[in-house]
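The values are calculated or read from the model by the stated rules, or taken from the named source; none is laboratory data. The structure displayed is predicted, hence computed values, not measured ones. Here the Cβ positions follow ideal geometry from the backbone for every residue, glycine too, while neighbour counts run over all protein chains shown. These accessible areas exclude ligands, DNA and RNA; they are computed on the full protein's heavy atoms, side chains included. Shrake-Rupley method; radii C 1.70, N 1.55, O 1.52, S 1.80 Å.
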Amino acid sequence: QVQLVESGGGLVQPGGSLRLSCAASGSIFSINLWKWYRQAPGKERELVAVISRGGGTNYADSVKGRFTISRDTVRNTVALQMNSLKPEDTAVYYCHAAPPSYWGQGTQVTVSS
């Protein structure tokens with residue numbers, strides 16, 4: 001019913017920036033929450049950012065002030081702007097939408113010199 005495809009990941013130096021995009025297609029009318037998660041090898045999947053249908057946002061403490069989640073309702077995309085990147089931000093980043101529950105395939109972000 002809903003398909004999510006992430007893009008924009010890659011290799012970036014510490015202090016650099018990346019913008020991830022989640023393209024949504026299908027019947028998205030029931031979606032109330034859009035989220036970005038990330039998961040590093042050997043670690044639990046971590047909720048990074050949330051944006052509600054009404055535009056309210058929340059962020060993990062680890063990314064607060066550096067990351068910004070936004071939604072473009074015209075293009076049906078959800079973005080994660082990541083600034084001042086740190087090596088500990090290295091992970092696979094996943095887009096999630098609910099209800100009920102939809103996941104993207106993930107995109108790799110590597111922060112390294």
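Observations on the structure shown:
- Residue ID - least open to solvent (accessible area, probe 1.4 Å), chosen from residues in the stretch 32-86 that are at pLDDT below 95 and within 21 Å of Pro100 (Cβ to Cβ): Asn76
- Filtered by the rule that a residue be closer than 17 Å to Gly106 by Cβ and either without any contact (Cβ under 8 Å) to a residue 40 or more places away in the chain or in contact with a helix residue (DSSP H, G or I) (Cβ under 8 Å, 6 or more places away or on another chain) (or both), the stretch 47-62 gives Leu47, Ala49.
Yes/no per residue for (1) free of Cβ contacts under 8 Å to residues at least 12 places away in the same chain; (2) in a strand (DSSP E or B); (3) of a type in the set (A, V, I, L, M, F, W, C); (4) in contact with an Asp or Glu (Cβ under 7 Å, 6 or more places away or on another chain):
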residue	(1), (2), (3), (4)
Val74	yes, no, yes, no
Leu80	no, yes, yes, no
Leu85	no, no, yes, no
Glu88	no, no, no, no
Tyr93	no, yes, no, yes
Ala97	no, yes, yes, no
Gln105	no, no, no, yes
Gln108	no, yes, no, no
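- Filter pass, Gly9 being closer than 15 Å to Gln81 by Cβ, touching a strand residue (DSSP E or B) at 6+ places or on another chain (Cβ under 6 Å) and either surrounded by fewer than 13 Cβ atoms within 10 Å (Cβ to Cβ) or at pLDDT 95 or above (or both): yes
- With respect to the conditions (1) part of a loop (DSSP other than H, G, I, E, B); (2) surrounded by fewer than 21 Cβ atoms within 10 Å (Cβ to Cβ); (3) touching a strand residue (DSSP E or B) at 6+ places or on another chain (Cβ under 7 Å); (4) at pLDDT 95 or above, Ser25 falls short on a single one, namely (1).
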